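Have a look at the structure below, then the notes.
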Amino acid sequence: MLAVAEREQLPVAAARGGSPAAWDALFQRYQLPLYAYVFELIRSEQTALDVVQETFISAARNLASLRDDDRFGSWLFSIAHRKCVDRWRKSGREEPLEPEVADALPTDEGNPSELLIRREQEAEFMKLIEQLPAPQRSGLVLHFVEDFSLEEIAGITGAQLGTVKSRMHYAKLALRKLIEENIT
Amino acid sequence: MKTPRDILLARHKSADTKLDEIRRRTVIELTPRSTREPELPFVLKLWHELIWPCHRTWAGLAAVWLAILVFNHSQAQRSHAAIAKSTTPPGEMRVALQEQRRVLEEIIGPPLRTVIAEPPRRPNNQPRSQLRSVGVA
């Protein structure tokens, strides 16, 4: 799959200069992937819309803190992720944690975003995504919608790289199982 | 065949309209006030929002009111003229009143002058307290 977030010429510098057109272009580029990510975590349309709006406002206020313009996408998703975690905490939900077993995992499992899913598998695929624990779901959706690397996912979710590796490993296993079950 | 990204984004495509609105509002907030459209004065704003959208209705109402005012004014002028025509001139009225008074005097005599009663005076102009003590003694 094409790397979505990287090697894109985004008008981050112009936005830093206060150009409304640049902000409009940036928000337009990320609004749907950001919403998809937030919705898959929060599972409420209105809350997801609120989080996206808060993320946009927060990004506009704090763009000065972004050191590397090429990291704008992951920086934006990290703001949204923090806002989701804040919402979880306020609603009394605990973010479940997975054991850190990353070092023992094989690393050549293939790229899950390179999967091609048949039309009849789409509903099953979404069902599987919904069934995954929140941290696994978070990592997998980030990987799918913006093709973020494991390091970037770790930065966005504030988790250790090893933790992210293990979450992705289990998520991929579940996904592959589903695909194989549907093929056979 | 679709990629997971295509499936995920297609699933949320229906939210695009709302997201566009959020984006539009946020960008307006970010736009410096000086570069936004200048705000109209209150009267002009009222004109644009209240009068202009249904200006034909307002014009019709104004024409009706104008017609009512003109009709009212002309009626008032006509009635004044009628009253002025029907009333007796003041000179004649004064003569008639004098004649009436003269006839009344002939019948009942000249008008009585009212006598103003004076308040009773205290004897010797003494203070009230002294009068009492004299009575007791």
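The values are calculated or read from the model by the stated rules, or taken from the named source; none is laboratory data. Remember, predicted model here, so these are calculated numbers, not experimental data. Cβ sites come from the backbone with ideal geometry, for glycine too, and all protein chains shown count toward neighbours.
Every residue in region A:132-159 that is farther than 19 Å from A:Trp75 by Cβ and not in a helix (DSSP H, G or I), please.
Result: A:Leu132, A:Pro133.
Looking at A:Phe39, is it within 25 Å of A:His143 (Cβ to Cβ), in contact with a His (Cβ under 8 Å, 6 or more places away or on another chain), buried (at least 21 other Cβ atoms within 10 Å of the Cβ) and at the interface with chain B (Cβ under 9 Å from one of its Cβ atoms)? Walk me through how you get there before you give the answer.
Details: within 25 Å of A:His143 (Cβ to Cβ): yes; in contact with a His (Cβ under 8 Å, 6 or more places away or on another chain): yes; buried (at least 21 other Cβ atoms within 10 Å of the Cβ): yes; at the interface with chain B (Cβ under 9 Å from one of its Cβ atoms): yes.
So A:Phe39 fits the description; yes.
Tell me the residue from A:Ser19, A:Ser74, A:Ser44 that is over 18 Å from the mean Cα position of the chain (by Cα) and of a type in the set (S, T, N, Q), please.
Details: A:Ser74 fails: over 18 Å from the mean Cα position of the chain (by Cα); A:Ser44 fails: over 18 Å from the mean Cα position of the chain (by Cα).
Step by step, each of A:Ser19, A:Ser74, A:Ser44 is checked, and only A:Ser19 is over 18 Å from the mean Cα position of the chain (by Cα) and of a type in the set (S, T, N, Q).
Taking the residues in region A:22-36 that are more than 7 Å from chain B (Cβ to nearest Cβ) and small (Gly, Ala, Ser) as candidates, determine which candidate is nearest to the chain's Cα centre (by Cα).
Among those residues, the one meeting the criterion is A:Ala25.
Out of region B:1-16, which residues are charged (D, E, K, R) and surrounded by fewer than 18 Cβ atoms within 10 Å (Cβ to Cβ)?
B:Lys2, B:Asp6, B:Arg11, B:Lys13, B:Asp16
What residue, among those in region A:118-135 that are surrounded by fewer than 16 Cβ atoms within 10 Å (Cβ to Cβ) and more than 10 Å from every other protein chain (Cβ to nearest Cβ), is farthest from the chain's Cα centre (by Cα)? Explain how you work it out, then say what you get.
Our first condition is that a residue be surrounded by fewer than 16 Cβ atoms within 10 Å (Cβ to Cβ); within region A:118-135, this holds for A:118-120, A:123-124, A:127, A:130-131, A:133.
Next cut, more than 10 Å from every other protein chain (Cβ to nearest Cβ) only: A:120, A:124, A:127, A:130-131, A:133.
Values: A:Glu120: 25, A:Glu124: 20, A:Lys127: 18, A:Glu130: 14, A:Gln131: 16, A:Pro133: 14 Å.
So, considering only residues that are surrounded by fewer than 16 Cβ atoms within 10 Å (Cβ to Cβ) and more than 10 Å from every other protein chain (Cβ to nearest Cβ), the one farthest from the chain's Cα centre (by Cα) is A:Glu120.
Could you pull out every one of the helices (runs of 4 or more DSSP H) wholly within region A:8-90 that has 3 or more residues that are at pLDDT 95 or above and not assigned by TED's automatic domain parsing to the domain that holds A:Gly139?
Working: elements: A:12-16, A:20-42, A:45-62, A:72-90.
Hits in region A:8-90: A:20-42, A:45-62, A:72-90.
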